[in-house]
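Participant: I'd like to ask some things about the structure below.
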Amino acid sequence: MSAMTAAIRRRRHLDVTPYLLVAPAVALIILIYAYPIVRVFIDSFLSPTAARGTSVGLANYGFVIDDPVFWKSAGNNVFLLFGVPIMTVVALVVAVILFDQIRGWRLYRTLVFTPYILAVPVIAVTFTYLYGYNGVVNEVLRAVGLDGLAQDWLGSPKLVMPSILSVIIYRELGFGVMLFLARMASIREELYEAAMIDGAGWWARLRYITVPQLRTVISFFVVIELITMLSWVFAYVYSMTGGGPAFASSVLELYIWKYAFAYRAIGIASAVAVLLLVATSVLIVVQMLVRGDESDTGEE
Amino acid sequence: MYRSLARLGGLAVVSSLIVVACGGSTPTTAPTAAATPAAATAAAPSAAAPSAAAPTPASTEPVSLEFWYWAESDAPGANQWMTDTVAAYKAVKPNVTINVVPQGTDTLISAFQTAAASKSGPDIASQWATGPVLSFVWSDSVAPISDLVPAAEMSHWLNTNENTYNGKVWAMPQYLLGIGLAYNTELFAKAGVTPPTGDRWTWDEFIAASAKLKAAGITPFVGGDKNGYLGAWWFANIGGQQLNSVQELAQAVVGTVPFTDPKYTGWYTNLDNYVKAGYVNNDVMSLDLDQGVRLFGQGKGAMTFTSDGMLATAIKDLGAAKVGVMRPPKLGTGTLADAGNATQSISHFVTSWSAHPQDAADFLQFMHTPDRLTAWYKATGVVAADDRFDATLVTAPQLQTMAKAETTGPQVWLENWIPPQIDGDADLPAGQMIFSGSGTPADAGQLWERSAATWRSAHPDELANWQQLVK
């Protein structure tokens with residue numbers, strides 16, 4: 001046997017060991033992540049409630065596409081997406097203000113971040129009382145003579161989604177602020193010093209130094225929040241309105257939950273879950289492409 | 001990077017397909033159609049229990065039972081009563097330990113759906129009568145109570161017809177719940193409104209009284225529909241008054257007649273007019289059902305729909321002299337317009353997977369012992385669904401009126417006779433449409449029809465069973 005062949009054989013023998021070592025972790029990941037996804041995909045082609053194994057082809061998808069409540073729910077998720085730019089801009093502004101270390105900035109930072117560490121149902125139930133027709137918000141408005149602004153924030157089909165969006169922004173804002181602050185702390189001081197020497201004011205420094213330096217983090221935050229608005233708002237909606245009034249605040253997760261757990265129609269719920277998975281996967285791929293482009297161009 | 005990801009992803013998918021192919025799951029058999037349809041007509045409260053198999057003796061070994069229990073929302077005080085009952089049972093049967101898990105109203109059905117899907121979970125569970133119970137019977141999740149409890153015992157239970165199917169009784173009633181129209185006598189007097197001389201108003205009289213109350217600056221009707229259940233109570237008490245039997249309702253459920261037929265959903269026009277006239281509290285969509293009823297106990301409204309337990313609470317809050325009760329106003333001309341609305345509301349049953357079905361049934365029987373029936377009433381003010389209940393305990397005249405209405409003549413709670421999906425996707429949101437002003441009565445009718453069609457499409461197995469009920 002030649003020395004090269006022996007070396008190749010030794011290398012092939014040695015190559016198995018790392019795989020064996022990571023096999024348990026991979027198996028766990030497959031069990032927790034991959035198996036449910038494959039199972040849901042298969043279930044989406046099976047009969048909603050009858051014996052497993054009864055294939056119905058695309059009937060579940062057809063059922064969902066014909067259901068106005070599905071489109072209402074999807075539309076509400078799309079509406080929530082428009083909250084992402086608002087959230088991003090507000091988080092950026094707050095982060096910049098805090099980074100300037102105004103008086104009491106540590107306290108403000110704590111206040112901004114605290115909602116993010118509270119459980120969603122806690123926030124949601126609190127705001128349910130705040131937003132009631134005779135709740136705190138309206139009582140304050142009436143007390144200062146702004147009766148006309150006192151609305152049924154959660155009971156009006158037109159206002160319920162903006163009201164829920166405001167609660168989501170209130171909670172998710174802290175995450176963005178902390179992300180931006182962390183990145184801003186690593187921006188080189190020399191860039192700001194050089195800019196100030198050249199006469200750049202606060203706005204110019206923000207526009208030409210801070211925001212470009214934050215671009216990667218901003219894109220990350222935007223994509224994460226887009227995914228949140230598509231598939232992490234169930235707790236808000238369920239706690240605050242249950243999808244009402246009359247489906248006005250229904251979202252896709254609630255739709256999936258209802259069909260899976262309340263109506264025993266796993267096939268239909270799985271079909272919607274697959275559609276939602278496709279939508280969020282598109283966003284993830286976009287994020288990876290954007291981050292790939294940025295690393296290709298050498299930007300941080 | 002992408003090639004590595006693709007390799008990993010492919011490995012994950014292939015591995016998962018192998019797991020799925022090797023694992024799979026035991027197919028659940030589709031429920032068979034009933035040989036004998038349930039008693040579907042409006043029925044008298046007491047019904048003879050069908051013959052039951054001789055129950056097997058309970059075990060003497062240590063037994064642990066889990067009971068998913070719901071009643072508190074209907075009958076405040078129920079959870080404490082259950083705690084006391086478990087303690088009392090422990091004294092009688094020291095080898096049996098019962099863990100009671102109170103259930104939430106919004107998750108009552110969905111939580112048990114999960115247990116039913118996996119055939120694991122509680123030994124005893126609670127579900128609302130007829131539709132919800134039968135849907136679980138049809139998914140083989142319920143053991144017939146008539147196989148576990150002697151016929152002589154069951155003969156004392158009231159309203160067992162609500163859960164009778166295929167010749168068996170599947171669940172046990174605990175209490176009888178009726179809905180009355182409570183009124184504040186003080187506010188009535190202030191507005192110059194006179195209560196009816198009979199036991200109820202006509203619809204026109206109800207409207208006239210509401211107009212007088214509003215003119216006097218009093219909110220005529222208070223309630224909460226944020227969770228949709230106020231609309232469901234209106235459906236159950238007013239909505240079915242054009243029908244002659246529950247089979248007529250089932251005809252629409254199975255698709256023989258459309259729900260848009262005015263006899264099913266025409267009453268939404270009356271409700272819509274009532275709401276638009278400003279006779280309902282302006283925060284109705286901000287409050288859940290029980291929160292809205294509490295407004296009545298706070299003196300913030302002249303009338304409300306109320307259960308026995310809620311009425312007992314209102315009497316405590318306002319004082320007996322200020323509270324009156326009548327039957328819901330008469331709007332329709334069908335046979336059901338004159339039927340009572342008492343139901344057992346919640347039913348308790350032994351699950352099909354319980355390892356100790358006889359012990360579970362024994363505990364359910366214990367809940368009907370005279371001592372427990374008396375304690376139940378003292379704790380909740382709600383009449384027990386048992387002819388051994390000591391009616392002399394009901395001393396408040398208002399509660400006597402409710403008890404008499406609940407035990408006299410045929411009784412139908414219409415909401416029991418629709419599948420849970422139609423209840424959740426039509427009954428509840430249709431009422432929300434009207435109370436929030438976001439839809440018209442025609443929209444409400446369309447919603448019922450669409451929801452029924454959706455249910456029929458998604459549940460062909462249950463449709464077959466409901467068609468048997470209709471026959």
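Participant: Run through every distinct alpha carbon pair of region A:80-245 and return the Kirkwood hydrodynamic radius in angstroms, one decimal place.
Facilitator: 17.7
Participant: So which lysines pass the test for B:LYS300, namely a Cα distance under 24 Å, with those fewer than 8 places away in the same chain ruled out?
Facilitator: B:LYS190, B:LYS212, B:LYS214, B:LYS226, B:LYS276, B:LYS316, B:LYS322
Participant: With N set to the number of residues, divide the alpha-carbon radius of gyration of the protein assembly as shown by 2.2 N^0.38 Å and report two decimals.
Facilitator: Ratio of Cα Rg to 2.2 N^0.38 Å: 1.10.
Participant: Follow-up. Can you order the peptides B:246-259, B:123-136 by their average number of other Cβ atoms within 10 Å per residue, highest first?
Facilitator: B:123-136, B:246-259
Participant: Starting with the highest mean, order A:80-86, B:408-414 by the number of other Cβ atoms within 10 Å, averaged over the residues of each peptide.
Facilitator: The peptides rank, most packed first, as B:408-414, A:80-86.
Participant: Per residue of A:257-270, count partner chain C-beta atoms within 10 Å of its C-beta, then hand back the mean as an integer.
Facilitator: 5
Participant: If you don't mind, there's one more thing I want to ask. Take the alpha carbon atoms of region B:290-380, find their radius of gyration, then divide it by 2.2 N^0.38 Å using N residues; give the quotient.
Facilitator: Dividing the Cα Rg of region B:290-380 by 2.2 N^0.38 Å gives 1.50.
Participant: Right, something else. How much length would be gained if the chain were fully extended between A:VAL90 and A:TYR192, taking 0.36 nm per residue of separation minus their Cα-Cα distance, in nm to one decimal? Walk me through the numbers before you get to the answer.
Facilitator: Values: separation 102, 0.36 × 102 = 36.72 nm, distance 2.23 nm.
Gain on stretching A:VAL90 to A:TYR192: 34.5 nm.
Participant: Given a Förster distance of 56 Å, report the FRET efficiency between B:ALA88 and A:VAL286 from their Cβ-Cβ distance, rounded to the nearest 0.05.
Facilitator: Working: r = 63 Å, r/R0 = 1.13.
Using R0 = 56 Å, I get an efficiency of 0.35.
Participant: Need one number: nm distance between label points at B:GLN247 and A:ILE102, each 7 Å from Cα along Cα→Cβ, rounded to one decimal.
Facilitator: For B:GLN247 paired with A:ILE102, the spin-label model returns 7.4 nm.
Participant: Using only the alpha carbons of chain B, what is the convex hull's orientation-averaged projected area in square nanometres?
Facilitator: In nm², the orientation-averaged hull projection of chain B is 26.1.
Participant: A further question on this structure: Which whole number gives the average count of other chain Cβ atoms within 10 Å of the Cβ atoms across peptide A:64-77?
Facilitator: On the way: counts 0, 0, 4, 5, 4, 6, 0, 0, 0, 0, 0, 0, 0, 0.
Across A:64-77, the average partner-chain Cβ count within 10 Å equals 1.
Participant: Contour minus end-to-end for B:ASP390 and B:THR269, with contour as 0.36 nm per residue of separation and end-to-end as the Cα-Cα distance?
Facilitator: 39.3 nm is the gain from fully extending B:ASP390 to B:THR269.
Participant: Would you tell me the mean number of C-beta atoms belonging to other protein chains that fall within 10 Å of each C-beta in A:28-37, as a whole number?
Facilitator: On the way: counts 0, 3, 9, 3, 0, 2, 10, 9, 1, 3.
For peptide A:28-37, the averaged partner shielding equals 4.
Participant: Something else now. I'd like to know which of B:GLN127, B:LEU364, B:VAL284 lies farthest towards the positive end of the charge dipole of chain B, counting +1 on Cβ of Lys and Arg and -1 on Cβ of Asp and Glu.
Facilitator: So the residue we want is B:VAL284.
Participant: Would you please put B:354-361, A:58-65 in order of how densely packed they are, using the mean number of other Cβ atoms within 10 angstrom per residue and starting with the highest?
Facilitator: Working: B:354-361: 21.6, A:58-65: 17.4.
Per-residue Cβ counts within 10 Å, averaged per peptide and sorted highest first, yield B:354-361, A:58-65.
Participant: Let me ask another. Could you work out how far the C-alpha centroid of region B:351-422 sits from that of region A:112-153, in angstrom?
Facilitator: 40
Participant: Given 0.36 nm per residue, what is the gain on full extension from A:SER166 to A:LEU31 after removing their alpha carbon distance, in nm?
Facilitator: 44.9 nm
Participant: I need the P(r) histogram for chain A: all alpha carbon pairs, bin width 10 Å from 0 out to the longest distance, whole percents.
Facilitator: Distribution as computed: 5, 19, 24, 22, 16, 9, 3, 1, 0, 0 percent.
The numbers here are math on the coordinates, done by the rules we state, and not lab data. These numbers come from a predicted model, not from an experiment. FYI the Cβ positions are ideal-geometry reconstructions off the backbone, even for glycines, and counts take in every protein chain you see.
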